[in-house]
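For reference, the structure discussed in these notes is given below.
The values are calculated or read from the model by the stated rules, or taken from the named source; none is laboratory data. Since this is a predicted model, take the numbers as computed values, not measurements. Neighbour counts run over all protein chains shown; Cβ positions are idealised from the backbone, glycine included. Remember, those area values only see protein heavy atoms, side chains included, never the ligands or the DNA or RNA. Shrake-Rupley method; radii C 1.70, N 1.55, O 1.52, S 1.80 Å.
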Amino acid sequence: MTNIQIQVANGSIAKLKEFLVGSILCGYEIPNKQNLGCTWELRFYFEGKTSFLVFSSDVESAGGWEEFGYLKCELIPETERNDSEDIFKKVLIENIAIESISLLINAEEDIEAECGIVIRSSEGEEIIISTAPSPGAVSVMAPFSIDEYKPEVLIEHCTSRAI
């Protein structure tokens, strides 16, 4: 069985969980002219944190023409932010207290690809970030999104695994 894991730059999935659980999500950023239905970069901001979390995706070949998308994320210190405000639009949202996270897994024959993450709030809300059909992009389903969720793999075709 081939397992294509979520890629966590500057750390591990355990470090990501430690950062997220107990945090308060208060805003996000995406490139101008893009929306949460399909964006090549999603940045989450947290109350009282000096780092932000960036989501994107990538693909890995399973042989032949078949490719599987997997989620990528990176914690970046706010001091390393180096782009101009005219590229990204920042949106403040009603605070969401994060209680748990799970992985979304696309399992087919001999391959499992960690294609998304489910973030659950203490109020029972869910934020889903998953690979989108466009290479490198992610699609988001969230209480603060009015955009259509357009994942690479439908949620009902994925399994979930708590982290």
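Over all other residues within a Cβ to Cβ distance under 12 Å of THR159, the charged ones net out to -3, with Lys and Arg as +1 and Asp and Glu as -1. Helical content of the chain, expressed as a calculated mean residue ellipticity at 222 nm, amounts to -1500 deg cm²/dmol (DSSP H runs of 4 or more residues, -39,500 (n - 2.57) each, divided by residue number, nearest 500). Each of GLY48, LEU36, SER61 was placed along the dipole of the range 26-78 (beta-carbon charges, centred on the mean Cα), and the one lying farthest toward the positive end is GLY48.
Report the FRET efficiency, 1/(1 + (r/R0)^6), for ASP147 and VAL54, where r is their Cβ-Cβ distance and R0 is 22 Å, rounded to 0.05. Before the final figure, lay out each step's value.
Working: r = 19 Å, r/R0 = 0.85.
The computed FRET efficiency comes out at 0.75.
Of the solvent-accessible surface of the chain, computed with a 1.4 Å probe and all protein chains present, 48% belongs to carbon and sulfur.
Computed over the chain, the convex hull of the alpha-carbon atoms projects to a mean area of 9.6 nm². Checking every one of the GluC sites (Glu not before Pro) in the range 1-70 against DSSP loop status and a limit of 16 other Cβ atoms within 10 Å picks out GLU47, GLU66.
Using only side-chain charges placed at the Cβ, +1 for Lys and Arg and -1 for Asp and Glu, the dipole size of the chain relative to its Cα centre rounds to 440 debye. The mean accessible area for residues of the chain, using a 1.4 Å probe and ignoring ligands and nucleic acids, is 52 Å² per residue.
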